[in-house]
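Written below as structure tokens is the structure these notes are about.
The values are calculated or read from the model by the stated rules, or taken from the named source; none is laboratory data. Note that this is a predicted model, so its numbers are computed, not measured. Because the Cβ atoms are built from the backbone with ideal geometry, glycine has one as well, and the counts that use them run over all protein chains shown.
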Amino acid sequence: MLASGSKGNSTVVTGGKTRILVDAGLSCRELFRRMKIAGEDPAALNAIIVTHEHQDHIGGLAVTARKLGIPVYFTEATHRAWMRWITPRRQMTYAQWLEQCKREAAARQAEAAANQEDTAEICECDDETDEVTAAPAISAAAETVEPEAALPKAAEPKQDPSWLPAVEYFQAGKSFKIGDIAVSPFTIPHDAADPVGFVFQAEGVRMAFATDLGYIPPNVKAQLKGVDLLLLESNHDLEMLRDGPYPWQVKQRVLSRVGHLSNDAASEFLACSYDGQATYVILGHLSESNNLPELARVAAERALSNHASLLANRLMLAAQHEPLSPVQF
């Protein structure tokens, strides 16, 4: 895990000869720096896969994909939302809009007048003259038009901020493969266009990623069973959030069923619904403003005491500003 939190999220998943970057919420330069710290070569990445379009998950996506020349996997709705987010929007004043409307109206009037003149000229010509003179006029025009002017140029990649080397679509609930890694995306409740979590499987190892979700519905609980590694959100402490610096509307959004999991919600799942089979449990997306690592750790450890094991449930906390120690099976 290269980064986890509200300022950027990104993880490298490897299996066999395949390496996938899950989200690209840091700048390309910072992603590469952290990958090298973790002992990963950025040039070895085969693809980027995206959970949802919020900026802390896609901030460095376009530059990273173009730099490496690798495909990006989205749901179709997430891709559309990302396109809207990254494409510059042109704003104009009301006066500018009125002026534009006047120019367009004048252009339409001029075009209509020209069409009327052309119609009158055609009516004055007999059929024989029209057949003799019209064809040479068309061919002469074709000879004088340069090929570049005849067809509009496609936008160059550097001029289009949404250009990617390749885009692949997937759907929640339908498994697919990227190289040696099997990917099972599942829907999560979050305030994004089409947010998903993932189960990755390779070489007999299953890893589940479930962050950025307001609560854990039955479909998510089912996906988090029988995994060897569980990445689970533990975003905020309820009291810290309620007393913290966020505006009330933001607090309501975080607390909602399409917001983020609290320490209490994560620990309740670990105590009551988790099967206790994962070798590693990683807490992710901890808020820097509304949580403390030790609060998240204590809550999770108390919950995991119901699943005491010498070989399973090793608890780790992902950080925002430094990569987590690599986990290998």
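Data table
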{"item": "Answer from 99, 76, 104 - the residue that is touching an Asp or Glu at 6+ places or on another chain (Cβ under 9 Å) and modelled with pLDDT of 85 or more", "result": "76"}
{"item": "Output for the stretch 224-272, where each listed residue is part of a loop (DSSP other than H, G, I, E, B) and under 13 Å from residue 300 (Cα atoms)", "result": "234, 235, 237, 261"}
{"item": "Near pairs, Cβ below 8 angstrom, 6+ apart or cross-chain, from the stretch 163-192 (surrounded by 14 or more Cβ atoms within 10 Å (Cβ to Cβ) and in a loop (DSSP other than H, G, I, E, B)) to any residue that is modelled with pLDDT of 95 or more and aromatic (Phe, Trp, Tyr)", "result": "170/73; 170/74; 170/176; 172/186; 189/215"}
{"item": "Total residues in the stretch 294-323, condition more than 16 Å from residue 228 (Cβ to Cβ) and within 29 Å of the chain's Cα centre (by Cα)", "result": "10"}
{"item": "Top-ranked residue in the stretch 296-307 [being touching a helix residue (DSSP H, G or I) at 6+ places or on another chain (Cβ under 7 Å) and surrounded by fewer than 17 Cβ atoms within 10 Å (Cβ to Cβ); ranked as farthest from residue 238 (Cα to Cα)]", "result": "306"}
{"item": "Test for residue 308: is it at pLDDT below 95 and either under 26 Å from residue 2 (Cα atoms) or not acidic (Asp, Glu) (or both)", "result": "yes"}
{"item": "Those residues of the stretch 69-107 which are in contact with a strand residue (DSSP E or B) (Cβ under 9 Å, 6 or more places away or on another chain) and either of a type in the set (Phe, Trp, Tyr) or exposed (fewer than 10 other Cβ atoms within 10 Å of the Cβ) (or both), in sequence order", "result": "73, 74, 82"}
{"item": "Selected residue (criterion: nearest to residue 3 (Cα to Cα)) from residues of the stretch 25-83 that are touching a residue at least 40 places away in the same chain (Cβ under 8 Å) and part of a strand (DSSP E or B)", "result": "49"}
